[in-house]
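Worksheet: the structure to be examined is printed underneath.
Only the coordinates and a few stated rules stand behind these numbers; no lab work does. This one's a predicted model, so the numbers in the text were calculated from it and none came from an experiment. Every residue, glycine among them, receives a Cβ derived from its backbone with ideal geometry; neighbour counts consider all protein chains shown.
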Amino acid sequence: MKGLLRQHQAGLVALAVLSALTVLWSTPFLLPLKILAVFFHELAHLLTVLLTGGSPESLSLTPHQGGLVQARGGNRFLILSSGYLGSLLIGLALFMAALKGNIDRWVTALLGATLLIVATLYVREGFAFIFCAGTGAVMLAIARFTGHLVNDAVLRVIGLSSMIYVPLDIFSDTLARSELRSDARMLAEEFGGPTMFWGGLWLVLSVTTLLLALRMTIRHSEA
């Protein structure tokens, strides 16, 4: 009975967070979370470049939710495919870390360290450096000076907001405005198939992942 009650409460918390994010999505309050989601997108590109033998040169972010990774070499198909799907997996991993274990503080610290390392090695522009270094420092401070519940909430909010951002960004960049030079457009030009095919495929995967994450929240609760 208690287990069912905890599951019900966990589901309500997830739905409450999701509802709050939806209501506030178009407001300036969530801009830092959106830029962080863009960082995950570019980080996925950067990591794929490294894993496929390429050489990343720089990572940039803009206040208008833009981002870019400059690199040489690597597998173009995997690099172009990794942005949306990689950021989706990062969001899911953060969310699941909060949902399933007691390692929240370590995960928050790892996120902070990652932001600082990327800022040091690959960021060359003022805004991007300030955002990455500042957010990294905040994450490390949260991990160091707050407890499990705060870290759990931070990871859930970041994970959910990233997973929400991905399908909305895919729809905007590849379906609603298919003429943009998006990852899907470049993938279509270099490997064939229409832009909307790649965008539609990524959209289905992202929405499915978000629904599965919400389902897992209801089925699994922390003691």
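Tabulated data for the structure shown
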quantity: Ranked list, fewest to most other Cβ atoms within 10 Å of each Cβ, for Leu212, Leu205; calculated: Leu212, Leu205
quantity: Estimated [θ] at 222 nm from DSSP helical runs (n ≥ 4, -39500 (n - 2.57)) normalised by residues in the chain, nearest 500; calculated: -25500 deg cm²/dmol
quantity: Global form of region 48-134, assessed from the alpha-carbon gyration tensor, a/c cut-off 1.5; calculated: oblate
quantity: In order through region 110-127: 3J(HN,Hα) via Karplus (6.51 cos²θ - 1.76 cosθ + 1.60), integer Hz, x for Gly, Pro; calculated: 4, 4, x, 5, 4, 4, 5, 5, 5, 4, 6, 8, 10, 8, 10, 10, x, 4
quantity: Highest to lowest packing among 50-57, 97-104, scored as the average C-beta count within 10 Å; calculated: 97-104, 50-57
quantity: Charge dipole (debye, nearest 20) of region 28-217; +1 at Cβ of Lys and Arg, -1 at Cβ of Asp and Glu; calculated: 340
quantity: Cut-off under 5 Å, modelled amide H: who pairs with Ser58 long-range; calculated: Gln70
quantity: Expected-Rg normalisation [2.2 N^0.38 Å, Cα atoms] applied to region 122-165; calculated: 1.35
quantity: Largest-first principal axis extents, alpha carbons of the chain, Å; calculated: 56, 36, 34
quantity: log₁₀ of I(q)/I(0) at q = 0.17, 0.23, 0.33 Å⁻¹ - region 60-108, Debye sum with one point per alpha carbon; calculated: -0.73, -0.91, -1.15
quantity: Derived scalar couplings ³J(HN,Hα) [region 131-147; Karplus, 6.51 cos²θ - 1.76 cosθ + 1.60; whole Hz; x for Gly, Pro]; calculated: 5, 5, 5, x, 5, x, 5, 5, 4, 5, 5, 4, 5, 7, 10, 10, x
quantity: Computed over the chain: relative contact order in percent, which uses C-alpha pairs under 8 Å that are six or more apart; calculated: 26
